[in-house]
């Protein structure tokens, strides 16, 4: 007869044979700084088809008007940014003004959220949205838009999965957006 391994050794051997869990990156949001300007402008330009343009004067204007203009850091490195506006802002976006007319003082508007391609589909977007939705809770509503023309299917699917629903559309044949909302407790 063969000899049996003691249970303690067997469990050590089994755990050593199990696949390692992937290391989760360290993700944090922090307020944008002047040193982030070049990274923000470059990333915005790389994704400008899905975003509004941003040059250096616009960067400073958005920073001044936004409730939140945060950098997304992954393992201490710039990975993206997020910008939100509260009610009563002087922000000149047609989409923001549409929500302002509809909700007055009872909404927070997510203007743009962009991640570098290598950081997408890793759960980072969910983390960022958890944070901005928590910040929007006093208003009761998070509002945003997603492109229909040109179509942004990954963003439409992401927002549908988080419970956002379309409440209107703005634009024309060249540029059309879905105006979306979500109640936040």
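For this structure, a couple of remarks:
- You will find that of 110, 148, the residue that is without any contact (Cβ under 8 Å) to a residue 60 or more places away in the chain and either closer than 23 Å to residue 28 by Cβ or in a helix (DSSP H, G or I) (or both) is 110 and no other.
- Test: residue in segment 12-29 that is in a loop (DSSP other than H, G, I, E, B), closer than 27 Å to residue 149 by Cα and either in contact with a helix residue (DSSP H, G or I) (Cβ under 8 Å, 6 or more places away or on another chain) or modelled with pLDDT of 95 or more (or both): no
- Selection count where residues are at negative phi, outside any helix (DSSP H, G or I) and without any contact (Cβ under 8 Å) to a residue 40 or more places away in the chain, scope segment 114-143: 1
- All positions within segment 30-39 that are assigned to a helix (DSSP H, G or I) and either under 20 Å from residue 127 (Cα atoms) or at pLDDT below 95 (or both): none
- Residue match in segment 167-183 (condition: within 12 Å of the chain's Cα centre (by Cα) and farther than 18 Å from residue 46 by Cα): no
- Checking segment 171-185 against the condition returns a match, with at least one residue being farther than 30 Å from residue 35 by Cβ, surrounded by fewer than 14 Cβ atoms within 10 Å (Cβ to Cβ), touching a helix residue (DSSP H, G or I) at 6+ places or on another chain (Cβ under 9 Å) and in contact (Cβ under 8 Å) with a residue 40 or more places away in the chain.
- Filtered by the rule that a residue be surrounded by 13 or more Cβ atoms within 10 Å (Cβ to Cβ) and assigned to a strand (DSSP E or B), segment 155-168 gives 166, 167, 168.
Conditions (1) more than 19 Å from residue 119 (Cα to Cα); (2) at pLDDT 95 or above; (3) in a strand (DSSP E or B), marked per residue:
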| site | (1), (2), (3) |
| --- | --- |
| 41 | no, yes, no |
| 45 | no, yes, no |
| 48 | no, no, no |
| 54 | yes, yes, no |
| 57 | yes, yes, no |
| 63 | yes, yes, no |
| 70 | no, yes, yes |
| 73 | no, yes, yes |
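The values are calculated or read from the model by the stated rules, or taken from the named source; none is laboratory data. Predicted model, so just to flag it, every value in this text is computed and none were measured. In this analysis, Cβ positions are derived from the backbone assuming ideal geometry, glycine residues included, and neighbour counts consider all displayed protein chains.
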